[in-house]
Amino acid sequence: MEKIQEILKERILILDGAMGTMIQRHKLEEEDFRKGWFEEHDHPLKGNNDLLSLTRPEIIEDIHRQYFEAGADIAETNTFSGTWIAQADYALEKYVYDINYHSAKIAKKVADEFTAKNPSKPRFVAGSIGPTNRTASISPDVNDPGFRGISFDQLVDAYTEQVNALIDGGVDILLVETVFDTLNAKAALFAIDQVFETRNIELPIMVSGTITDQSGRTLTGQTTEAFLISISHMPLLSVGLNCALGASMMRPYLQILNQTCPYYVSAHPNAGLPNAFGKYDETPEMMAVQIKEFLDQGLVNIIGGCCGTTPDHIAAIAKLAAEYKPQHQLAVE
């Protein structure tokens, strides 16, 4: 299969949309998160979407298929909370390997189907590595600013387990995403580097941060440029932004990345900001108008969607992106 690095020189690649948004359409109940695996588990599991790769794999497979049919080149695995740190909330730490391995296998199976149908448009799987529900840089206790809810070494341990399972499951790319604390991301990158060295392999790495509001900073206070500098010690495929903001509000920070980033640039914004009911109102057409500005300015090499986006959003973005050639090229090949 043609290397993704070579394809990125020729065209803009499409990342898929929101997994959670699509799962919500199924109106799942507690038993859906237990089926065949966790029937006797003594903690509530509803809402732990990563488990569906084990208990309702047909749902996850269908979601991947819908995104590929919409034109996605890259599917993200259903593993956003796939660390023992996040799964500890459900007392499921010992199932982390299974969650990541089976999630990767499901996505890879569908990707291979689509590649076989059209070898000129190979499909890739990105192992989704979320930020965990802890931050290594900020105290969760306002009365004890020196306290940390997680250590760097614990993060490395958690990410190492996740990365090994994703690789065993067959992912093509590792995606460290929704980074709100760069120290967490650095732990993930350190774990990835160690795993690569131990296994004597190397996969492309994408990193995507999240700007939490219109100040243009991550939750821990870094500007976009500072975030980029903090992770530039690694040989990355791409650096980008996702979540928190809709496309229009993300554009100024993508412009900064475009001007300063020695890697390819990615973006997968939300379908606008959530309304009073937590829903996302931007239609595929509305979002495409904003994405067109990214493309007109040559800001991105990889474009997709985050919260609130669906296969219809991805189809609109893919149709638009097909009309453009990538303008942002690597500073050093």
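Select from the stretch 244-280 those chymotrypsin sites (Phe, Trp or Tyr not before Pro) which occupy a DSSP coil region and have at most 14 other Cβ atoms within 10 Å, ordered by residue number. Write out the running numbers ahead of the final one.
Values: sites: TYR253, TYR263, TYR264, PHE277, TYR280; in loops: TYR263, PHE277.
Here the chymotrypsin sites (Phe, Trp or Tyr not before Pro) that fit, given the DSSP loop and packing criteria, are PHE277.
Express the relative contact order of the stretch 48-122 as a whole percentage, based on alpha carbon pairs under 8 Å and six or more residues apart in sequence. Intermediate values should be presented prior to the final figure.
Numbers: 67 pairs, mean separation 27.7, N = 75.
Once divided by the residue count of the stretch 48-122, the mean separation gives 37 percent.
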- Message: Considering all projection directions equally, how large on average is the shadow of the alpha-carbon convex hull of the stretch 183-333, in square nanometres?
- Response: 9.7 nm²
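Cut-off is 10 Å between beta-carbons; in what order do VAL195, VAL289 appear when sorted fewest neighbours first? Spell out each step's value before the answer.
On the way: VAL195 20, VAL289 15.
By the 10 Å Cβ count, ascending, the order reads VAL289, VAL195.
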- Item | Cβ charges +1 (Lys, Arg) and -1 (Asp, Glu), total dipole of the chain, debye | 660 debye
- Just the number, please: Stokes-Einstein D of the chain in µm²/s, Kirkwood Rh from C-alpha pairs, 20 °C, 1.002 mPa s. 108 µm²/s
- Note on the structure: Using alpha carbon centers only, the stretch 160-178 is separated from the stretch 242-292 by a whole-angstrom value of 25 Å
- Averaging sequence separations of C-alpha pairs under 8 Å and six or more residues apart, then dividing by the length of the stretch 4-321, give the relative contact order as a whole percent. 19 percent
- Projected onto the charge dipole of the chain (+1 at Lys/Arg Cβ, -1 at Asp/Glu Cβ, origin at the Cα centre), which of PHE124, GLY47, GLY36 gives the Cα projection farthest towards the positive end? PHE124
- GluC sites (Glu not before Pro) within the stretch 31-61, DSSP loop, no more than 16 other Cβ atoms inside 10 Å: GLU39, GLU40
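Once you order the gyration tensor axes a ≥ b ≥ c over the Cα atoms, which shape class does the stretch 1-149 get: rounded for a/c under 1.5, otherwise prolate or oblate by comparing a/b with b/c? Don't skip to the end; give the middle numbers.
Details: a/c = 2.52, a/b = 1.44, b/c = 1.75.
Since a/c reaches 1.5 but b/c is at least a/b, the shape of the stretch 1-149 is classed as oblate.
222 nm [θ] for the chain, helices only, -39500 (n - 2.57) per DSSP H run of 4+, per residue, to 500?
On the way: 12 runs with 138 residues, N = 333.
Theoretical 222 nm ellipticity from helices: -12500 deg cm²/dmol.
Here, each number is a calculation from the coordinates, and none is a lab measurement. All values derive from a computational prediction rather than experimental measurement. All Cβ positions, even for glycine, are placed from backbone atoms using ideal geometry, and neighbour counts span all protein chains on display.
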